[in-house]
Amino acid sequence: MLLLSLVAVMLSKALRYAGLLSAQELTDFDAFHVAGRMVWRGDIAQAYHLPTLLEVQKALTGEQAFLPWTYPPPFNLVVAALAPLPISLAYLVFAGSTLAAYLLVLRRIAGPHFATVVVALAPTLFIAVAGGQNGFLTGTLIGLTALGLLGGRALAGLPLGLMVIKPHLAVGLAVCALVLRRWRCLGLAAATAALALALSTLMLGPAIWPAFVGGVEEAKAFLAAGAYPLFRMISVYAWLRSLDLPAGLALAAQMATAVAVLGLIPLALWNEMPRRQVVGLAAMASLFVSPYAYDYDLPLYGIALALLLPDLLRQARRGEVLVLFALGWIVGGYGIVATPLHEALSGSALVTSVGISLAAPPFLLLLALVWRILRRTQTLAVPDSVEATAAPARTVAA
């Protein structure tokens with residue numbers, strides 16, 4: 001039923017793009033399609049300058065929206081492949097194919113717990129489908145990397161290297177490969193990333209790089225000014241900044257959080273936790289690295305949950321399991337609730353309270369609870385192999 005609902009949302013959005021249903025404001029996939037068309041027009045470098053991008057948005061769509069373009073140049077090649085298609089068909093191809101790939105990888109990792117993981121991810125799945133974002137694509141790449149690391153395969157470096165399209169979401173697994181001393185994996189990842197960078201330079205021209213650097217600088221200024229929708233972000237930075245704390249203090253707290261969370265990866269290995277748990281914690285850790293982390297990036301949490309759930313269900317108390325699932329829904333679902341409220345109250349005095357980012361505190365509590373449960377006992381942990389299943393575990397009804 002849940003998957004059918006996701007398909008219904010995709011079809012509805014595609015019909016809106018086709019003009020068969022009421023129009024909607026520009027969303028992330030509109031930005032993808034506009035950028036892709038700019039690649040074919042030969043002016044993609046201008047996408048990294050917001051005032052120019054707004055003019056192109058108006059010319060191509062008849063509308064304007066605050067959707068700064070800050071993706072690394074290799075991602076321009078991805079959106080360029082979609083641009084020749086009408087936007088309704090391009091959306092269906094991109095959202096449908098990446099969702100299918102993500103669910104296949106998720107099922108491969110989760111095994112008999114697949115349905116439980118999908119239910120736990122319900123808010124995240126709807127957010128990613130509704131915006132047409134790339135969370136399913138990055139989730140698939142991270143999932144394939146995790147499978148490769150579990151199997152000890154150097155080919156794990158291929159999807160890890162392709163994460164050059166959104167590198168901050170790969171930091172956790174890069175650290176994991178480093179502490180596991182997977183040198184061939186890291187070498188292949190570096191070679192894959194270098195090839196992607198070289199190809200984008202060849203296809204788009206060397207001028208794309210100063211434009212990209214300028215776009216990143218613009219994004220930093222927008223972030224410090226609170227111009228982004230902070231209530232949709234899941235970072236510690238967004239939480240503190242939405243409470244009107246100074247940008248420098250919020251960034252310092254973000255950096256301290258990132259270092260502490262990434263430190264759990266070598267700590268887990270030092271404590272001789274099973275490799276599956278180490279990789280799962282690494283996948284989750286990536287979501288705490290960047291101040292610019294959104295709820296649509298949470299498919300990575302799904303990969304982490306699929307890796308960790310067998311041990312969590314086996315070692316947690318029933319109340320802890322319920323708290324884990326509740327916290328996950330809060331983190332993934334807050335944006336769903338806050339977005340329409342924010343739009344309805346826009347211009348009202350109440351909009352400030354609705355605009356507070358509240359995802360980071362429950363997400364940190366979720367990570368702390370996961371760590372506590374996993375450290376409770378190592379004798380009951382499942383084997384590293386993805387296929388391995390031990391004695392029947394308590395499951396949550398899907």
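The values are calculated or read from the model by the stated rules, or taken from the named source; none is laboratory data. Being a predicted model, the structure only gives us computed values, none of them experimental. As a convention, Cβ positions derive from the backbone with ideal geometry for all residues, glycine included, and neighbour counts pool all protein chains shown. Accessible surface is based on the protein model in full, side chains and every heavy atom, while ligands, DNA and RNA are left aside. Shrake-Rupley method; radii C 1.70, N 1.55, O 1.52, S 1.80 Å.
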### Query
For LYS220, which lysines qualify as cross-link partners when the Cα separation must be under 25 Å and same-chain residues fewer than eight apart are set aside?
LYS58, LYS166
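Tally Lys/Arg at +1 and Asp/Glu at -1 over every other residue whose Cβ is under 10 Å from the Cβ of ALA23; what's the total? Don't skip to the answer; put the middle values down first.
Details: positive: ARG16; negative: GLU25, GLU63.
Here the count lands on -1.
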## Note on the structure
Note on the chain: the mean projected area of its alpha-carbon convex hull, in nm², is 18.8
### Query
What percentage of all Cα-Cα pairs in region 168-305 are separated by more than 28 Å?
31
## Note on the structure
Under 5 Å from the placed amide H of ALA83, counting only residues 5+ away or on other chains, we find none
### Net charge of neighbours whose Cβ lies under 15 Å from the Cβ of ALA45, counting Lys and Arg as +1 and Asp and Glu as -1
-2
### Query
What number, in percent, do you get for the relative contact order of region 216-308 if the mean sequence gap of Cα pairs under 8 Å and at least 6 apart is divided by its residue count?
30
### Message
For Cα pairs less than 8 Å apart in space and 6+ apart in sequence, what is the mean separation divided by the residue count of the chain, i.e. the relative contact order in percent?
### Response
20
### Task
Give the distance, in whole Å, between the Cα centre of region 181-245 and the Cα centre of region 271-287.
24
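Starting from the exponent 0.38 and prefactor 2.2 Å, build the expected Rg for region 50-134 from its residue count and divide its actual Cα Rg by it. Before the final figure, lay out the partial values.
On the way: Rg = 16.3 Å, N = 85, 2.2 N^0.38 = 11.9 Å.
Against the empirical 2.2 N^0.38 Å value, I get 1.37 for region 50-134.
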#### Entry: Largest-first principal axis extents of the Cα set of region 263-303 (Å)
32, 19, 7
### Message
Under a crude label model (7 Å from the Cα following the beta-carbon direction), how far is ALA59 from LEU202 in nanometres?
### Response
2.9
### Message
Using the Karplus curve 6.51 cos²θ - 1.76 cosθ + 1.60 with θ = phi - 60°, what ³J(HN,Hα) values do you get for each residue of region 238-250, in whole Hz, with x for Gly and Pro?
### Response
4, 4, 5, 5, 5, 8, 6, 6, x, 4, x, 5, 4
### Query
Where does the charge balance sit around ALA282 when Lys and Arg score +1, Asp and Glu -1, over other residues with C-beta under 13 Å from its C-beta?
+3
### Message
If I model a spin label at VAL213 and ALA326 as a point 7 Å from the Cα along the Cα→Cβ vector, what separation in nanometres do I get?
### Response
5.0
### Query
What is the extension gain from LEU267 to VAL179, computed as 0.36 nm multiplied by their sequence separation minus the C-alpha to C-alpha distance, in nm to one decimal?
30.7 nm
### Message
Solvent-accessible area of ARG275, probe 1.4 Å, all protein chains present, reported in Å² to the nearest ten, please.
### Response
70
### Query
What ³J(HN,Hα) values, in whole Hz, does the Karplus curve 6.51 cos²θ - 1.76 cosθ + 1.60 give for region 333-338 when θ = phi - 60°, with x put for Gly and Pro?
x, 4, x, 5, 6, 6
#### Entry: Inter-label distance, nm, simple model (7 Å from Cα along the C-beta direction), LEU85/ALA23
2.4
### Query
So, with a 1.4 angstrom probe, what is the percent of accessible area on the chain that is carbon and sulfur?
69
### Query
In the chain, which longest range has no GluC sites (Glu not before Pro) that are both DSSP loop (not H, G, I, E or B) and surrounded by at most 11 other Cβ atoms within 10 Å?
26-271
### Message
With a cut-off of 8 Å between alpha carbons and a minimum separation of six or more residues, what is the relative contact order of region 145-252 in percent?
### Response
19
### Query
Considering the chain as a Gaussian network with a 10 Å cut-off on Cα pairs, which listed residue, ALA225, ALA177, ALA326, attains the greatest mean-square fluctuation?
ALA225
